[in-house]
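Trainee: Please see the structure below; I have some questions.
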Amino acid sequence: MRRRQCPRPPKYRKRFTKPGPSKNELKVSRGASEEQQKARAGTLRERFPDVSQLQLDLRMETATGAVLEKNLRVIDRDETLLLDVPCQGACGNGLFLLKDAVETLLQAHQENREGMAICQGVSYMDSKLPCGTKLYYRIQASY
């Protein structure tokens with residue numbers, strides 16, 4: 001009669017913790033950086049006291065022309081000037097910076113400005129190509 005051997009216990013690996021901040025720490029730091037951006041941006045009244053209202057008409061399209069988003073945003077005097085528009089296209093992390101276009105318009109005391117920006121974020125489809133999402137904007141200022 002053979003003697004029955006006990007099976008070996010499974011080998012468990014010790015879980016190593018990742019070096020760096022935890023998810024919660026990253027979440028808290030994102031919230032803090034957003035608050036800092038709001039404080040640095042200032043309100044329309046603080047930055048441009050002679051402007052009574054600012055209107056942004058935005059239309060985002062894919063490279064093939066399909067409309068992703070159409071938005072009309074009215075900025076009152078006491079609203080913060082956070083003018084970055086996140087890309088809704090095929091990159092996930094692209095950003096359209098409208099701050100320079102708005103500041104140019106307001107410093108020149110013009111009432112209208114139109115333009116287009118193309119997202120240069122890396123595409124999900126092919127990491128060698130840019131996203132290509134287009135943002136058409138129209139800015140109207142009331143003095």
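Trainee: Looking at (1) hydroxyl-bearing (Ser, Thr, Tyr); (2) open to solvent by 60 Å² or more (accessible area, probe 1.4 Å); (3) within 30 Å of TYR143 (Cβ to Cβ), find the lone condition where THR43 falls short.
Mentor: The one condition THR43 does not meet is (2).
Trainee: Can you run down the residue pairs with Cβ atoms below 7 Å, 6 or more apart or on separate chains, where the first is in the range 66-89 and touching a residue at least 60 places away in the same chain (Cβ under 8 Å) and the partner is open to solvent by 60 Å² or more (accessible area, probe 1.4 Å) and in a loop (DSSP other than H, G, I, E, B)?
Mentor: Here the result reads LEU68/GLN88, each pair linking the range 66-89 to a residue that is open to solvent by 60 Å² or more (accessible area, probe 1.4 Å) and in a loop (DSSP other than H, G, I, E, B).
Trainee: When you look at GLN53, is it in contact with a Ser or Thr (Cβ under 7 Å, 6 or more places away or on another chain) and either over 28 Å from LEU135 (Cα atoms) or at pLDDT 85 or above (or both), yes or no? Break it down stepwise before answering.
Mentor: Working: in contact with a Ser or Thr (Cβ under 7 Å, 6 or more places away or on another chain): yes; either over 28 Å from LEU135 (Cα atoms) or at pLDDT 85 or above (or both): yes.
Judged against the criteria, GLN53 is a match.
Trainee: So, in the range 114-125, exactly how many residues are open to solvent by less than 90 Å² (accessible area, probe 1.4 Å) and of a type in the set (Ser, Thr, Tyr)?
Mentor: 1
Trainee: Within the set of pairs 6+ apart or on separate chains, which have a first residue in the range 15-42 that is under 30 Å from GLU79 (Cα atoms), a second that is open to solvent by less than 100 Å² (accessible area, probe 1.4 Å) and charged (D, E, K, R), and C-beta atoms under 8 Å apart?
Mentor: From the range 15-42, no pairs qualify.
The values are calculated or read from the model by the stated rules, or taken from the named source; none is laboratory data. Owing to the predicted nature of the structure, the values given are computational and were not obtained by experimental measurement. So basically every Cβ, Gly included, is an ideal-geometry build from the backbone, and we count neighbours across all protein chains shown. Just so you know, the surface numbers come from the protein's heavy atoms only, side chains and all, with ligands and any DNA or RNA stripped out. Shrake-Rupley method; radii C 1.70, N 1.55, O 1.52, S 1.80 Å.
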